[in-house]
Every structure is written in structure tokens, then in C-alpha cells.
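One structure is given here, and the rest of the page talks about it.
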Amino acid sequence: MQNRNLIRFDWAIKRLLRNKADFTVLEGFLAELLKEDVQIQNVLESESNQRFDSDIYNRVGILVKNTIGKLVIIEIQNQNEYDYFHRMSYGASKAVTEYIAVGEPYQNIKKVYSINIVYFDLGQGEDYVYHGKTDFIGIHKSDKLLLSAKQTELLGGKIEPAQIFPEYYVIKVNQFDDVAKDTLDQWIYYLKNNEIREEFTAKGISEARALWRVDNLPEEEQKNYERHLKALRNEASRLLTLKEDAKDRAKKEEKVEIARKMKREGLDLSLIQKLTGLDKGDIDAL
């Protein structure tokens with residue numbers, strides 16, 4: 001049995017993170033992804049947060065701060081952006097610089113996690129979850145650069161630079177095969193299908209099943225949510241139409257090139273029409 005009356009994850013995190021009960025849902029997702037327990041202190045204002053209403057189907061972004069000062073950026077992107085990796089870099093860098101006060105020592109820089117949930121084929125790769133961090137590897141001896149004993153003492157036990165620099169996660173939702181092999185996969189199943197199976201046991205997922213139901217929304221919010229879903233469907237249809245139009249143009253261009261070569265070889269016009277399927281006017285114009 002599956003719960004099909006759930007609010008989409010992107011809508012939920014941008015409209016429902018108003019109380020501690022909803023925090024527990026997002027904390028569960030983050031714990032499964034980061035493999036550490038997370039307690040959200042608050043949702044911070046950011047450029048991403050302010051984009052919600054102006055970009056209803058494309059981009060969702062929030063910035064949260066946990067109880068030990070780490071910053072977590074969550075971006076959900078429905079539409080293809082060829083410079084998306086650049087935006088990941090910009091967002092993490094902006095968070096690093098915005099949340100250290102003038103005059104503070106650099107050791108107070110917050111650890112940043114950039115979590116990117118994308119509904120398009122970002123880059124090339126066979127997996128559906130990718131993790132990136134900064135390691136310094138010797139070009140001659142291939143050893144990993146670590147912090148000194150003094151640095152480890154001063155920086156609260158950190159032992160490598162990767163614990164200081166931002167870390168990146170990319171979840172390619174559409175590449176997931178719908179087979180939930182572990183508890184993180186259970187969350188990705190929800191992200192892709194907007195459904196939570198009764199047997200799922202991931203942290204926070206039972207809370208999502210109970211709290212993030214469409215029928216829990218006030219009537220006006222339900223209408224807003226339906227408009228959001230309609231906008232997503234319309235956008236998906238528009239992108240599919242553009243994709244099919246591009247395929248048709250490519251096929252026609254290929255036929256035109258073949259017809260051009262045939263015409264140069266002196267083939268009969270009716271034969272060129274028969275072999276390529278092009279109109280007489282298209283062939284005459286070559």
C-alpha cells in the first residue's frame with residue numbers, strides 16, 4: 001500500500017517549514033543523506049528563499065542552520081540549466097562569506113553542505129547520488145594532505161581540509177530505478193514518485209506521511225498547491241514539445257542535406273521527393 005495523497009517535497013519545504021514538527025521531516029531526510037543526526041535551528045533568509053513565488057515551477061531553495069552552526073543549502077531544480085554546476089559553486093561560496101562577521105577569525109567560517117535535487121540529467125554519469133568534497137592529493141607521492149596536530153587541536157578535532165570546505169551532494173531523481181535498496185533510497189523514491197510505501201522506515205519519513213498530506217492544507221493552500229502542480233505539468237509539456245520539435249527539425253535538416261546531394265547528382269525531382277518525403281517547394285529551394 002502506498003500513500004498517494006502527499007504534498008510534493010519542493011512545495012513542502014518552501015511552504016511548510018514553519019514549526020518544529022515539520023523540521024523533524026527535513027531533519028530525517030538530511031540525516032539519511034549526510035549520515036549524521038541533524039537538528040535544524042532555523043530557516044535562514046537567503047536569495048534562494050526569496051525566489052519562491054516568482055519562480056513557481058522551476059527552482060526551490062532554502063538555507064537552514066543546524067544546532068552546531070553548520071549551514072545546509074537545499075536546492076530543487078525542475079528545469080535543465082547548463083550552468084547549474086556554476087550556481088552550486090556560487091551558492092556555497094555566498095553562504096560561506098555571508099555568515100561570518102567582519103573581524104571574525106577565519107576559523108569561525110561555517111561548514112556548508114550544498115544539496116542539489118535535480119529533475120533533469122545533470123552532467124554525465126550512471127549513478128543517481130553523487131557526493132563531492134575537497135581533498136588535496138600530492139602530485140608526486142599521491143598522499144592526502146592532512147591538518148597539523150596544532151590545527152586539529154584549534155579546530156575542534158578536524159583532521160583534514162575536507163571537513164572545512166563546502167561539500168556537495170547531487171541527487172539525480174529521474175535516474176533512480178524505483179528500487180529502494182536502503183533508507184536513503186526510500187526518500188529518493190518519495191522525491192521521484194510523490195509516494196511513501198507503508199513499509200518505508202527511513203528517518204523522518206513516517207512524519208512526512210502523517211504531516212505532509214494534501215488534505216492537511218487549508219482550502220486556499222490546496223488551491224495554490226493545485227495551481228503549482230498544473231504549472232509543473234504545463235512546463236513539462238512545453239519542454240517535451242520543444243524536445244520533439246527539435247527532433248523534427250533535425251530530421252528535416254538531414255533529409256534536406258540528402259536531397260541537396262541528390263539534386264547535385266542530377267536525380268529526377270519526383271525520385272528525390274519519393275526518397276526523402278520532402279515537398280516539391282523545399283526541393284526547388286535547394
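Here are a few things to note about the model shown:
- Check on Lys181, of a type in the set (Lys, Arg), at pLDDT 95 or above and touching a Phe, Trp or Tyr at 6+ places or on another chain (Cβ under 8 Å): no
- Test: residue in segment 187-209 that is closer than 30 Å to Thr67 by Cβ, surrounded by 11 or more Cβ atoms within 10 Å (Cβ to Cβ), modelled with pLDDT under 95 and over 24 Å from the mean Cα position of the chain (by Cα): no
- For the residues Ile205, Ile188, the requirement of being in contact with a Gly (Cβ under 8 Å, 6 or more places away or on another chain) and under 19 Å from Ile117 (Cα atoms) singles out Ile205.
- Unmet requirement for Lys133, which otherwise passes all of (1) out of contact with any strand residue (DSSP E or B) (no Cβ under 6 Å at 6 or more places or on another chain); (2) closer than 30 Å to Tyr189 by Cα; (3) among the basic types (Lys, Arg): (1)
- Of the residues making up segment 155-173, those that are within 18 Å of Tyr119 (Cβ to Cβ) and either in contact with a Lys or Arg (Cβ under 7 Å, 6 or more places away or on another chain) or among the aliphatic types (A, V, I, L, M) (or both) number 3.
- Condition check for Ala231: surrounded by fewer than 16 Cβ atoms within 10 Å (Cβ to Cβ), outside the structural domain of Ser114 (by TED's automatic domain parsing) and within 19 Å of Ile13 (Cβ to Cβ): yes
- The residue of segment 237-276 that is nearest to the chain's Cα centre (by Cα), among those that are surrounded by fewer than 12 Cβ atoms within 10 Å (Cβ to Cβ) and in a loop (DSSP other than H, G, I, E, B), is Glu265.
- For segment 127-165, the tally of residues that are closer than 16 Å to Tyr106 by Cα and touching a helix residue (DSSP H, G or I) at 6+ places or on another chain (Cβ under 8 Å) stands at 4.
The values are calculated or read from the model by the stated rules, or taken from the named source; none is laboratory data. Bear in mind the structure is a predicted one, so any value in this text is a computation, not a measurement. Note: ideal-geometry Cβ built from the backbone for every residue, glycine included; neighbour counts use all protein chains shown.
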